[in-house]
Amino acid sequence: MKNNDIDQYFLSSKDTIEDAINKLDAIQTKLILVIKNDTTLLGTVTDGDIRRGLLRHLALDTPLSEIMNCTPKCLGKLDGELKAKQLMRTFGIPAIPKVENGKVIDLLGVKSSILKRHNPVFLMAGGFGKRLRPLTDNCPKPMLKVGDKPILENIIEQFISSGFYNFYISTHYLNEQIEQYFGDGSRFGINIQYINEEFPLGTAGAIALLPEKAKQQHLIMMNGDLLTQVKFDDMLDYHISESADISVAVRDYQIQVPFGVIQHKQGSITEIKEKPIENYFINAGIYCISPKVLQSVVLNKVLDMPTLIEQQLKTSKKVSMFPIHEYWLDIGHMNDFERAQTDILEFNKIA
């Protein structure tokens, strides 16, 4: 790689998490090199480093020195592609810098094309959409148009942009509209199979209806009424790197208490916090699920995801959080649907 090409992967330790997010959106690999002005390597930043920082409630203006890996894997001047591939495979890293006397001289492993993801995607599209009536009286909620496309088509296109092509769609209410519109997926360059629920099975019960081959790999499952720009390949990579049984996409949510909150000890006031802001992580309705969890779901039993997660926790399974900073909207109410129209048409937030 030419020196002027390497420059696009550089940031300084004083640059921020937000700078890193923007940089990762612009470059071809998922690795940022944090350097001094003379290209001395200080560390690296990956998407996973950013997500772990967000789990610590770090703000987007936090400097990269707070989240970077200060002891990254590196190659020497004489090392080539073979060793690079071995290290990348062993440690699950997207690229690896070549260093001479502490300074970056090259970056190996950069790919210009989207990696194909064989893992299945399971989209839940069987709900009645009662809170969006009368719009859903004769149309399933995932087929409501946002801009000029159904919600579900926006979701599928986002997955395609992350390299996924193997889809299962769970249907129930007005299922024929979904099946007639998307067919077998060939006009989108993907494969689609349908899982029709004879009766509503909850947000997780339909997992048991998946063919066995779909339950042999880590799977991404998502509600069919979300609009988001989450990079699903990053979520899958994070899930696997965490050795998680389930990974739950979470969103930071703030609530401001409209009163002064009393801190006290043994009946005496120690502090008054005026209208404090409380931070919580909320469930964003996107999950990565391991094969052993997929295979544990019982056939024809109503099951919701919170219950499935609780079951796994009781048996000491690992449930990880994947914090999302990208655009995300749950179209649960009419005002959400109206906001989605504004977002896609006026601000072009959804690709």
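Bear in mind these aren't lab numbers, they're just calculated from the coordinates by the rules spelled out. Just so it is clear, the structure is predicted and the values come from calculations on it, not from any experiment. Using ideal geometry, Cβ is built from the backbone for each residue, glycine included, and neighbour counts are taken over all protein chains shown.
For segment 217-351, just the Cα atoms, rotate onto the principal axes and tell me the three extents in Å, largest first.
Principal extents (Cα only, largest first): 55, 46, 31 Å.
Taking the Cβ of Gln193 as the centre, find all other residues whose Cβ is under 15 Å away and add up their charges (Lys, Arg: +1; Asp, Glu: -1).
Summing Lys and Arg as +1 and Asp and Glu as -1 gives -2.
For segment 66-185, list log₁₀ I(q)/I(0) at each q in 0.16, 0.18, 0.22 Å⁻¹, using the Debye formula over Cα point scatterers of equal strength and ignoring solvent, two decimals each.
Log-scaled intensity ratios, in q order: -0.80, -0.92, -1.22.
Share of antiparallel DSSP beta bridges in the chain, in percent to the nearest 5? Numbers along the way, then the final one.
Values: 38 of 61 bridges.
Bridges in the chain are about 60 percent antiparallel.
Need one word for segment 162-207: rounded, prolate or oblate. Basis is the Cα gyration tensor (sqrt eigenvalues a ≥ b ≥ c); a/c below 1.5 gives rounded, then a/b vs b/c decides. Working shown, then result.
Numbers: a/c = 3.25, a/b = 1.51, b/c = 2.15.
The shape class here is oblate.
Roughly how many Å is it from the Cα centre of segment 102-150 to that of segment 203-225, as a whole number?
Each part reduced to its Cα centre gives a spacing of 15 Å.
Highest GNM mean-square fluctuation, the chain, Cα pairs closer than 10 Å: which of Phe259, Phe128, Phe281?
Answer for the Gaussian network model of the chain: Phe259.
Given a cut-off of 32 Å, what percent of all Cα-Cα pairs of the chain lie beyond it?
Tail of the P(r) past 32 Å holds 40 percent of the pairs.
Please arrange Ile27, Ile6 by how many other C-beta atoms lie within 10 Å of their C-beta, fewest to most.
Ile27, Ile6
Suppose every K and R has +1 on its Cβ and every D and E has -1 on its Cβ; what is the size of the dipole of segment 121-347 about the Cα centre, in Debye to the nearest 20?
Result for segment 121-347 is approximately 600 debye, rounded to the nearest 20.
What value, in deg cm²/dmol to 500, does the helix sum -39500 (n - 2.57) over DSSP H runs of n ≥ 4 give at 222 nm once divided by the residues of the chain?
My calculation for the chain gives -7000 deg cm²/dmol from helical runs alone.
How big is the gap, in Å, between the Cα center of segment 256-326 and the Cα center of segment 12-31?
29
For the pairs Lys231/Lys273; Lys30/Lys314; Lys231/Lys318, flag any whose C-alpha to C-alpha distance is greater than 30 Å. Present the calculation step by step, with values, prior to reporting the outcome.
Working: Lys231/Lys273 38 Å; Lys30/Lys314 35 Å; Lys231/Lys318 22 Å.
The pairs that break the limit, which is 30 Å between Cα atoms, are Lys231/Lys273; Lys30/Lys314.
Which length gain, in nm to one decimal place, applies between Arg187 and Asn138 when the Cα-Cα distance is subtracted from 0.36 nm times their residue separation?
15.1 nm
Just to confirm the number: angle between the C-alpha axis of helix 232-241 and the first principal axis of the chain, 0 to 90 degrees, nearest 10?
Taking the Cα atoms of the chain, the angle to 232-241 is about 70 degrees.
What ranking do Asp225, Asp5, Asp137, Asp106 get, fewest neighbouring Cβ atoms within 10 angstrom at the top?
Starting with the residue having the fewest Cβ neighbours, the order is Asp137, Asp5, Asp106, Asp225.
Note down the net charge around Lys301, summing +1 for each Lys or Arg and -1 for each Asp or Glu among other residues with Cβ under 14 Å from its Cβ. Before the final figure, lay out the partial values.
Numbers: positive: none; negative: Glu197, Glu198, Asp304.
Summing Lys/Arg as +1 and Asp/Glu as -1 gives -3.
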